[in-house]
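A.B. asks: Can you read through this structure? Questions will come right after.
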Amino acid sequence: MNPYLVLDRARDLGLAYLQDVAMRHVGGTATQASLRAALGGPLPEGPDEPIRVIEHLAAAADPGIVATVGPRYFGFVTGGAVPVTVAADWLASVWDQNGALYVMSPASAVMEDIVSAWLVDLLHLPRGSSVGFVTGCHMANFTCLAAARHEVLRRAGWNVEAQGLQRAPRITVIAGGEVHISAMGALRLLGFGADEVILVPVDEQGRMRADGLEGALANVSGPLIVCAQAGNVSTGASDPIGRLADLVHAKGGWLHVDGAFGLWAAAVPELAPQVDGLARADSWATDAHKWLNVPYDSGLAIVADAAPHRAAMGLKASYLQRGNAEERIGMDWVPESSRRSRVIPLYALIRSLGRTGITDLVRRNCALARRMAERLARDAGVRILNEVVLNQVLVQFDGGASNAGDTTGDVIARVQADGTCWAGGATWQGHQVMRISVSNWSTTEDDIDQSADAILRCFHEARS
Ligand SMILES: Cc1ncc(COP(=O)(O)O)c(C=O)c1O
């Protein structure tokens, strides 16, 4: 039998899933025990028929699949996957290209060059910025901060890649009090202890205060890295990046911007003032699997000056064949060697939507987040705790005589069990909140209205 026919079956099952995804219980209905029973069993002793394997996989996993690609998944900051990107991702798997070296996949290397230039154009970043195609914003933060570490030490006469950190000049590392945990994780991997990072006070929306940074810098000299943020994971608010850039550069430091989703404000004219001065930073980390709605995993590490980026990441070995200087070496820009060619779905996304399609997607999600906030706020027991400047909404449910935190936690649990939509929780400035993140290309006003009704129904059940 033709061994490739199994792909046909997977295509049919995938299509059936996507056509029904908007009708599913958003969170999935399985228990861990039922999934273990359906998927587990002893180690298979021998081969099985591939089509049977795929059919079993689809059926057994189905109750434990969360409808994150559906229109009413508002958890974390989760993009869906625009169909053309899924199709391109299938081709990426079929071709099974390795993005490490030009010679391994000339098409992938050329697409990386092309998409790098398109991204820099879309985000209005300095021409010629280098781009690394990584797994997500966490690794993008790592890559950019490694470039920062290289450069601030180089300026102090130290080669960190050769000489390491133990005897290196001390680097002052500063971040906002609302720094995302992945930036801290990246700093940790780079040899900066979390307790050594100076945290600057933030305002009520979580933005780093420029006067706070000014104060923190007063007595700083020598190597300096400052981590700013475009798009707080809770509120969506961005730091005053232009002012921070001036302060950091006056001290000869490096300004990195973590903009997992908030960076995309730069692509939309009416949102761009929120990230004013963005292009004056030295590096930017963002995700494509959030607001660009390509399938997991896809993050982007962008550095204004390619030299420290390549110096921090690049590795050479005699068997890793390099061509001429024009032939892109993908592994020069990421902390990996062999790597999926994850540029392929991104290429398809940009080719398919173009600049206006991408700005419309971001704009539409922001309008839908405002609609959600307005509909929920019509209920006297609901408070929206953030200014809805992007796609994030923080909701607190008033328990009346009972505790608001407990009520909000109860509403979140009921919403997740109800399955009309999915929203998670967090604490914001000491309050338990429901987080709603509208990041999916397929969400409509009707999805928002259905979801708001379900959330309010859960709230009233929790109070009764
Ligand atoms: C501001 C910020 N930075 C970094 C990340 C981490 O992104 P990822 O999980 O894609 O690595 C997130 C995720 O939500 C984020 O909001």
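A.B. asks: Which is within 17 Å of the chain's Cα centre (by Cα) and more than 16 Å from the ligand (Cβ to nearest atom), of A311, A267, A317, A307?
C.D. replies: Sole residue among the options that is within 17 Å of the chain's Cα centre (by Cα) and more than 16 Å from the ligand (Cβ to nearest atom): A267.
A.B. asks: Could you list all residues from segment 12-47 that are closer than 26 Å to A92 by Cβ and free of Cβ contacts under 8 Å to residues at least 12 places away in the same chain?
C.D. replies: Matches in segment 12-47: D12, L15, A16, Q19, D20.
A.B. asks: Hey, another quick one. Give segment 1-39 a look and list any residue that's closer than 22 Å to Q416 by Cβ, assigned to a helix (DSSP H, G or I) and β-branched (V, I, T), or say none.
C.D. replies: Within segment 1-39, just V21 meets the criteria.
A.B. asks: Find all pairs meeting these conditions: Cβ atoms under 7 angstrom apart; at least six residues apart or on different chains; first residue within segment 62-78 and small (G, A, S); second residue assigned to a loop (DSSP other than H, G, I, E, B) and within 16 Å of the ligand (Cβ to nearest atom).
C.D. replies: G75/A423
A.B. asks: Let me ask you something else. Only one of these conditions is not met by H289: (1) over 30 Å from T68 (Cβ atoms); (2) touching a Pro at 6+ places or on another chain (Cβ under 8 Å). Which number is it?
C.D. replies: (1)
A.B. asks: What is the number of the single condition among (1) closer than 24 Å to R322 by Cβ; (2) over 25 Å from the mean Cα position of the chain (by Cα); (3) exposed (fewer than 15 other Cβ atoms within 10 Å of the Cβ); (4) not acidic (D, E) that P169 does not meet?
C.D. replies: It fails just one condition, (1).
A.B. asks: In the set V134, V115, V152, which member is in contact (Cβ under 8 Å) with a residue 12 or more places away in the chain and within 16 Å of the ligand (Cβ to nearest atom)?
C.D. replies: The conditions single out V134.
A.B. asks: If I ask for residues that are within 13 Å of the ligand (Cβ to nearest atom) and either part of a helix (DSSP H, G or I) or surrounded by fewer than 24 Cβ atoms within 10 Å (Cβ to Cβ) (or both), which ones from segment 274-285 would you list?
C.D. replies: The answer is V275, and nothing else.
A.B. asks: Hey, any hits in segment 109-118 for a residue that's farther than 15 Å from A301 by Cα, surrounded by fewer than 21 Cβ atoms within 10 Å (Cβ to Cβ) and not β-branched (V, I, T)?
C.D. replies: Scanning segment 109-118, I find no residue that is farther than 15 Å from A301 by Cα, surrounded by fewer than 21 Cβ atoms within 10 Å (Cβ to Cβ) and not β-branched (V, I, T), so the answer is no.
A.B. asks: Go through the residues of segment 243-250 one by one and say whether even a single one is at pLDDT 95 or above, within 20 Å of A147 (Cβ to Cβ) and β-branched (V, I, T).
C.D. replies: Yes, some residue in segment 243-250 is at pLDDT 95 or above, within 20 Å of A147 (Cβ to Cβ) and β-branched (V, I, T).
A.B. asks: Which of the helices (runs of 4 or more DSSP H) contained wholly in segment 62-156 include at least 2 residues that are more than 13 Å from Y347 (Cβ to Cβ) and within 16 Å of the chain's Cα centre (by Cα)?
C.D. replies: Hits in segment 62-156: 137-155.
A.B. asks: From the list G253, G242, which one is more than 11 Å from the ligand (Cβ to nearest atom), buried (at least 24 other Cβ atoms within 10 Å of the Cβ) and not aliphatic (A, V, I, L, M)?
C.D. replies: Of the residues listed, the single one that is more than 11 Å from the ligand (Cβ to nearest atom), buried (at least 24 other Cβ atoms within 10 Å of the Cβ) and not aliphatic (A, V, I, L, M) is G253.
A.B. asks: Restricting the search to segment 339-361, which residues are among the hydrophobic types (A, V, I, L, M, F, W, C) and either part of a loop (DSSP other than H, G, I, E, B) or more than 18 Å from the chain's Cα centre (by Cα) (or both)?
C.D. replies: A348, L353
A.B. asks: Can you name every residue in segment 157-185 that is more than 16 Å from the ligand (Cβ to nearest atom) and assigned to a helix (DSSP H, G or I)?
C.D. replies: Once the filter is applied, which keeps residues that are more than 16 Å from the ligand (Cβ to nearest atom) and assigned to a helix (DSSP H, G or I), segment 157-185 yields V160, E161, A162, Q163.
A.B. asks: Mind checking which residues of segment 286-304 are under 10 Å from the mean Cα position of the chain (by Cα) and surrounded by fewer than 24 Cβ atoms within 10 Å (Cβ to Cβ)?
C.D. replies: Correct list: Y296, D297.
A.B. asks: How many residues does segment 188-209 hold that are among the aliphatic types (A, V, I, L, M), crowded, with 19+ Cβ neighbours inside 10 Å and either touching a Cys at 6+ places or on another chain (Cβ under 6 Å) or within 20 Å of R243 (Cβ to Cβ) (or both)?
C.D. replies: Residues flagged as among the aliphatic types (A, V, I, L, M), crowded, with 19+ Cβ neighbours inside 10 Å and either touching a Cys at 6+ places or on another chain (Cβ under 6 Å) or within 20 Å of R243 (Cβ to Cβ) (or both) within segment 188-209 amount to 3.
A.B. asks: Can you name every residue in segment 332-361 that is surrounded by 22 or more Cβ atoms within 10 Å (Cβ to Cβ) and touching a strand residue (DSSP E or B) at 6+ places or on another chain (Cβ under 9 Å)?
C.D. replies: W333, V334, S341, R342, V343, L346
A.B. asks: All but one of (1) in contact (Cβ under 8 Å) with a residue 24 or more places away in the chain; (2) out of contact with any Pro (no Cβ under 8 Å at 6 or more places or on another chain) hold for A92; which doesn't?
C.D. replies: Failing condition for A92: (2).
A.B. asks: Between I174, I225, which is touching a residue at least 12 places away in the same chain (Cβ under 8 Å), within 23 Å of the chain's Cα centre (by Cα) and farther than 29 Å from H431 by Cβ?
C.D. replies: Every option except I225 fails the conditions.
A.B. asks: Across segment 260-273, what is the number of residues that are touching a Phe, Trp or Tyr at 6+ places or on another chain (Cβ under 6 Å) and either surrounded by fewer than 22 Cβ atoms within 10 Å (Cβ to Cβ) or assigned to a loop (DSSP other than H, G, I, E, B) (or both)?
C.D. replies: 1
A.B. asks: Still on this model: Inside segment 309-332, can you point out the residues that are part of a loop (DSSP other than H, G, I, E, B) and in contact with a helix residue (DSSP H, G or I) (Cβ under 6 Å, 6 or more places away or on another chain)?
C.D. replies: G314, Q321, G323, E327, R328
The values are calculated or read from the model by the stated rules, or taken from the named source; none is laboratory data. Small disclaimer: the values here were computed from a predicted structure and weren't measured. FYI the Cβ positions are ideal-geometry reconstructions off the backbone, even for glycines, and counts take in every protein chain you see.
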